[in-house]
Amino acid sequence: LVIADVAVIGAGPAGAAAAIQLARRGWQILLVDQASFPRPKVCGEALGPAAAQLLDDLGVWPDARAAGAWPLPGLVIHGPDGSRTICRYPDRQPGWSMSRLDLDALLVAHAQAAGADLRARCRVTSLVREDGLWALTCPRPLYARAVIVAAGRHQHLLPMALRPRRSRRIVLVAPVTGIADLDAELALVLPRRGPPALIAPQGPQQASVALIFDGVRPPTGIDGFLAALRDLPGLGERFGAADLLAPVRGMAIRAGRTAQPAFAGGLAAGDAYGCIDPITGHGITLALQSGIAAADILDIALRVGRLDQPFLQLYAATMAPLFEPPLHFASLAVHLTRHPWLAGGLLRRLGQRPDQCDALAAIQGGLRPADLVWPLLQQVALPGLAA
Ligand SMILES: Cc1cc2nc3c(=O)[nH]c(=O)nc-3n(C[C@H](O)[C@H](O)[C@H](O)COP(=O)(O)OP(=O)(O)OC[C@H]3O[C@@H](n4cnc5c(N)ncnc54)[C@H](O)[C@@H]3O)c2cc1C
């Protein structure tokens, strides 16, 4: 009977980051995923500068660059009135765009190189703790002293899962090629009518494109997706000769977090800890941060023999201040997509203040805390009052 120190369920960015950290510290790690890598993931594929920094801390960044991570010098916001506002990341800290097929496979390869035992094509169907030991069914039993649940939005393995709320927001994502006049920056399109879009360039004419359908039925098929791109006000012509490099994938958006991220013998990380609306592109940063934080705390807990819930609660206390501000920032961004006149007014003012615009990019890219967005927007909207 092999008993691992930690079983990490889910080998996305959260689980792989945790596995890398724990395996490098000498713990015996089982990294379990229902998929085999490389595998696709529905994602806008934008990495803020903070995510690149975390990947660098994990020692993965040089390989990510070599695998084709594409630099994004900033954020361009296409306003409801056809305006174009460019906010820049600091010079030496661009954002990036990278296919999740490549990024996630790279993270898993680093976890394996660190010594983690990858069990791919292994779907965990039950997780039971008895006498201080976890038994995972996948389908044969696996055993571990501690567990990190990093299974993304699939939260049935957690003791207190995020209640699946019906979402009125559906995202369709596809890699698109043949785009004319593609901006160099990560583009956020906020049209007066029609779906907001997130366009993350991945080459001279190529980008990962996400369309967000809020309370309206999304189109179906490749033709429907391309037609929606060609209907984007002011940008449609750019997609005249566009084509898709892979099928369109879609999912309903969820936001919120589990009520119990730390439990006796285990922690939840990444989207299993909590989901953020993808509009601000913070998900991968938080997945990496939470995976690393979960590994740090379990490392100490295993050393001192404290896998009890009160001790592991330290993790919940660490994560809450990291998660809540981006969650509120994303809610604010969603609100702006629903009120184009408000977004248009803010963008007009932002366009006149490059310093504030760049401060917004730094917040979006995770370089500055997301709770600074409120005072920033207050300064933008009411400069006299803020002074
Ligand atoms: C449409 C959309 C666009 C997005 N765009 C961006 C963006 O541009 N930038 C950004 O930073 N974030 C974005 N996000 C958010 C980002 O994708 C997630 O926050 C991130 O993938 C979370 O990583 P994770 O490791 O927690 O989960 P995941 O990446 O979902 O990985 C979970 C893993 O668990 C495995 N798994 C699930 N259940 C089981 C089981 N029972 N047994 C074994 N394995 C299991 C899955 O196969 C998967 O590999 C977007 C999200 C969506 C939905």
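Couple of notes before you dig in:
- Taking the stretch 120-143 as the range and being near the ligand (Cβ under 10 Å from one of its atoms), buried (at least 19 other Cβ atoms within 10 Å of the Cβ) and closer than 21 Å to Gly291 by Cα as the test, the residues that pass are Cys122, Val124, Leu127, Leu136.
- When Gly344 is tested against (1) assigned to a helix (DSSP H, G or I); (2) surrounded by 19 or more Cβ atoms within 10 Å (Cβ to Cβ), just one condition goes unmet, and that condition is (2).
- Flag if Gly79 is farther than 30 Å from Leu172 by Cβ and among the small types (Gly, Ala, Ser): no
- Any hit, the stretch 261-274, residues being of a type outside the set (D, E, K, R), modelled with pLDDT of 95 or more, open to solvent by 10 Å² or more (accessible area, probe 1.4 Å) and outside any loop (DSSP other than H, G, I, E, B): no
Residue-wise test of (1) out of contact with any Pro (no Cβ under 9 Å at 6 or more places or on another chain); (2) open to solvent by 30 Å² or more (accessible area, probe 1.4 Å); (3) away from the ligand (no atom under 16 Å from the Cβ).
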site: Ala4; (1), (2), (3): yes, no, no
site: Pro13; (1), (2), (3): yes, no, no
site: Ala23; (1), (2), (3): yes, no, yes
site: Gln34; (1), (2), (3): yes, yes, no
site: Leu47; (1), (2), (3): yes, no, no
site: Arg88; (1), (2), (3): no, yes, yes
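- Selection count where residues are under 15 Å from Gly132 (Cα atoms) and of a type in the set (D, E, K, R), scope the stretch 291-322: 2
- Here the strands (runs of 3 or more DSSP E) wholly within the stretch 76-165 that include at least 1 residues being over 29 Å from Ile363 (Cα atoms) and either touching a residue at least 12 places away in the same chain (Cβ under 8 Å) or among the aliphatic types (A, V, I, L, M) (or both) are 117-119, 126-130, 133-137, 141-149.
- Hey, Val42 more than 13 Å from the ligand (Cβ to nearest atom), touching a strand residue (DSSP E or B) at 6+ places or on another chain (Cβ under 8 Å) and either of a type in the set (A, V, I, L, M) or in a helix (DSSP H, G or I) (or both) or not: no
- No other residue among Gly265, Gly270 is on the phi > 0 side of the Ramachandran plot and near the ligand (Cβ under 9 Å from one of its atoms) apart from Gly270.
- Residue within the stretch 150-173 that is touching a strand residue (DSSP E or B) at 6+ places or on another chain (Cβ under 7 Å), away from the ligand (no atom under 14 Å from the Cβ), modelled with pLDDT of 95 or more and open to solvent by less than 30 Å² (accessible area, probe 1.4 Å) present: no
- Test: Arg238 is under 13 Å from the mean Cα position of the chain (by Cα) and either open to solvent by 20 Å² or more (accessible area, probe 1.4 Å) or more than 16 Å from the ligand (Cβ to nearest atom) (or both): no
- Test: residue in the stretch 278-288 that is away from the ligand (no atom under 14 Å from the Cβ), closer than 30 Å to Gln53 by Cβ and touching a helix residue (DSSP H, G or I) at 6+ places or on another chain (Cβ under 9 Å): no
- Test: residue in the stretch 284-291 that is small (Gly, Ala, Ser), at pLDDT 95 or above and not in a helix (DSSP H, G or I): no
- Within the stretch 196-217, the set of residues being over 22 Å from the mean Cα position of the chain (by Cα) and either among the polar types (S, T, N, Q) or within 12 Å of the ligand (Cβ to nearest atom) (or both) comprises Gln205 only.
Table: residues versus (1) in contact with a Gly (Cβ under 6 Å, 6 or more places away or on another chain); (2) touching a residue at least 24 places away in the same chain (Cβ under 8 Å); (3) surrounded by fewer than 19 Cβ atoms within 10 Å (Cβ to Cβ).
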site: Gly215; (1), (2), (3): no, yes, yes
site: Leu226; (1), (2), (3): no, no, no
site: Asp277; (1), (2), (3): no, yes, no
site: Met319; (1), (2), (3): no, yes, no
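The values are calculated or read from the model by the stated rules, or taken from the named source; none is laboratory data. Fair warning: this is a prediction, and the values are worked out from it, not measured in the lab. Virtual Cβ from ideal backbone geometry, glycine too; neighbours counted across all protein chains shown. With ligands, DNA and RNA removed, areas are computed over all heavy atoms of the protein, side chains included. Shrake-Rupley method; radii C 1.70, N 1.55, O 1.52, S 1.80 Å.
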